[in-house]
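Comments concern the structure below.
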Ligand code: UD1
């Protein structure tokens with residue numbers, strides 16, 4: 001067995017981002033240890049992705065579960081630390097910007113284990129966004145950084161991080177997409193959901209700045225209801241995250257949505273189904289980071305319920321419109337998208353996405369950088385000068 005790499009995951013997007021890296025590490029005979037914090041625990045938020053990507057089950061499942069930010073991060077630090085002390089990996093990979101990621105990075109860096117941030121350097125420069133806080137902390141305590149885009153790379157340099165520890169790798173979500181492209185193309189959305197291609201939008205919404213503010217959430221939902229009333233031949237397929245489901249019930253909005261007959265509420269779907277649904281849709285409505293990028297890769301228009309995005313290239317190319325929670329902007333953008341063309345899946349857009357996110361070889365570059373880091377960055381047991 002080769003060197004030992006621990007990968008700490010805990011949420012749905014972290015599994016997607018890490019899967020290509022885990023596969024490449026295994027192919028290159030590294031010993032891997034998958035540590036699952038348990039932040040996401042429902043089948044459709046967690047296990048389904050292990051099955052779809054065919055990656056080994058976690059070596060450790062820490063059962064953190066839901067709770068406040070302080071609770072989640074604190075428990076992740078404590079429990080990941082225990083595992084790392086026992087496991088003694090040569091390097092720890094921390095993907096993304098979740099509470100699991102920041103907790104794991106703190107545990108690992110504090111133990112002086114080489115800590116690598118997968119998806120480093122993303123910024124919207126809003127210090128009040130939970131994920132932004134996590135990203136900043138992780139980037140500034142990690143020893144090696146894998147930037148998915150040019151913008152991310154430049155952000156890290158601008159923040160004074162040493163150039164030699166930053167690697168412009170491309171994006172592992174593009175690796176995942178290219179690897180499973182055929183599987184995505186095999187699912188027939190009409191047979192499975194009775195949905196006619198190009199006759200529906202897909203929607204996901206789960207960020208706290210939208211779900212946890214009743215007025216913002218109401219404005220978004222009302223915009224959709226107004227649009228759907230006018231276009232009764234178009235559906236909005238709303239894949240409801242558990243956080244959002246809780247809020248819709250709590251605020252009494254679920255009834256309002258159920259009255260609109262062309263808004264379809266469904267539990268979250270796995271990777272293959274989600275991408276198939278987006279691929280065949282008119283457009284995607286979302287506040288997720290990863291899904292803005294996936295729409296771009298698929299050449300599908302995206303409407304984002306945020307005022308800023310870390311995936312600036314999607315806006316520059318013109319496939320992503322930031323509408324915040326502004327009803328007028330939401331309706332106007334929906335109208336614009338349906339008026340353009342019934343089928344504008346754009347090969348040129350997909351080709352551009354390849355240019356921005358690498359060529360599907362990000363995980364190869366990451367594994368090379370991991371090898372470099374293990375040989376060039378001080379190992380955990382070495383005594384260093386204070
Ligand atoms: C987390 C990440 C977010 C990421 C998202 C992907 C942080 C700060 N946020 O947000 O960046 O985009 O994951 O989905 O880490 N719940 C369930 N079942 C589950 C998981 C959650 O019912 O398997 C419910 C619980 O009520 C929980 C709520 O969803 O309180 C929120 O879950 P949490 O893990 O705190 O954050 P997410 O909103 O999922």
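What to note about this one:
- For the range 177-193, the condition holds for no residue, the condition being that it is within 16 Å of the ligand (Cβ to nearest atom), in contact (Cβ under 8 Å) with a residue 12 or more places away in the chain and under 22 Å from residue 242 (Cα atoms).
- Test: residue in the range 223-231 that is touching a residue at least 12 places away in the same chain (Cβ under 8 Å), touching a helix residue (DSSP H, G or I) at 6+ places or on another chain (Cβ under 6 Å) and not in a helix (DSSP H, G or I): no
- Test result for residue 109, in contact with a strand residue (DSSP E or B) (Cβ under 8 Å, 6 or more places away or on another chain), closer than 20 Å to residue 19 by Cα and part of a helix (DSSP H, G or I): no
- Residue within the range 35-46 that is within 16 Å of the ligand (Cβ to nearest atom), assigned to a helix (DSSP H, G or I), over 24 Å from residue 123 (Cα atoms) and within 16 Å of the chain's Cα centre (by Cα) present: yes
- Residue satisfying condition, being at pLDDT 95 or above, within 16 Å of the ligand (Cβ to nearest atom), crowded, with 19+ Cβ neighbours inside 10 Å and part of a helix (DSSP H, G or I), within set 135, 123: 135
- Enumerated strands (runs of 3 or more DSSP E) restricted to the range 244-335, each holding at least 3 residues that are away from the ligand (no atom under 16 Å from the Cβ): 320-322
- Search result, residues across the range 194-214 that are in contact (Cβ under 8 Å) with a residue 60 or more places away in the chain, more than 16 Å from the ligand (Cβ to nearest atom), at negative phi and surrounded by fewer than 20 Cβ atoms within 10 Å (Cβ to Cβ): 195, 197, 199
- The numbered conditions (1) crowded, with 22+ Cβ neighbours inside 10 Å; (2) within 16 Å of the ligand (Cβ to nearest atom); (3) farther than 20 Å from residue 109 by Cα are all true for residue 21 except (2).
- Residue that is modelled with the highest pLDDT [pool: residues in the range 337-354 that are part of a helix (DSSP H, G or I) and loosely packed, with under 13 Cβ neighbours inside 10 Å]: 339
- Flag for residue 224 being away from the ligand (no atom under 13 Å from the Cβ), surrounded by 20 or more Cβ atoms within 10 Å (Cβ to Cβ) and either at pLDDT 95 or above or closer than 18 Å to residue 16 by Cα (or both): yes
- Restricting attention to the range 55-91 and to residues that are outside any helix (DSSP H, G or I) and within 14 Å of the ligand (Cβ to nearest atom), the residue that is surrounded by the most Cβ atoms within 10 Å (Cβ to Cβ) turns out to be 64.
- So residue 103, is it part of a loop (DSSP other than H, G, I, E, B) and over 13 Å from residue 5 (Cα atoms): no
The values are calculated or read from the model by the stated rules, or taken from the named source; none is laboratory data. For clarity, every value in this text was computed on a predicted model and none was experimentally measured. With ideal geometry, Cβ positions are generated from the backbone for all residues, glycine too; neighbour counts draw on all protein chains shown.
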